[in-house]
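What follows is a single structure, written as structure tokens, with notes after it.
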Amino acid sequence: PSVSISLMPSNSQLGPGRLLCSVLDLSPAQVQVRWFQGERELMGHLVATDVVPKEDGTHQLLVLRETPP
């Protein structure tokens, strides 16, 4: 699979930003995405799509995590 993480800025300076993890070219379609800060796993504030099939037989998943400003 290929994985990329991008920062999506907040609409306001006081609101949280968002980190978007894009997991592409999955085959098979099983994956677990976990967020860490150093050694500590970050929990909560996640929104994820279902694993989506693509025309080429692979799958993709998007996971969005809110981050402090």
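The values are calculated or read from the model by the stated rules, or taken from the named source; none is laboratory data. This one's a predicted model, so the numbers in the text were calculated from it and none came from an experiment. Heads up, the Cβs are rebuilt from the backbone with ideal geometry, glycines too, and the neighbour counts pull from every protein chain shown. Note: accessible area is taken over every heavy atom of the protein model, side chains too, but ligands, DNA and RNA are not part of it. Shrake-Rupley method; radii C 1.70, N 1.55, O 1.52, S 1.80 Å.
Overview of results
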item	result
Selection count, region 1-47, where residues are out of contact with any strand residue (DSSP E or B) (no Cβ under 8 Å at 6 or more places or on another chain) and charged (D, E, K, R)	2
Answer residue from region 1-45, given it is open to solvent by less than 70 Å² (accessible area, probe 1.4 Å), outside any strand (DSSP E or B) and among the polar types (S, T, N, Q) and is nearest to residue 60 (Cα to Cα) among those	10
Boolean, residue 50 is without any contact (Cβ under 8 Å) to a residue 40 or more places away in the chain and either within 12 Å of the chain's Cα centre (by Cα) or in a strand (DSSP E or B) (or both)	yes
Verdict on residue 41 being touching a Gly at 6+ places or on another chain (Cβ under 8 Å) and either of a type in the set (D, E, K, R) or on the phi > 0 side of the Ramachandran plot (or both)	no
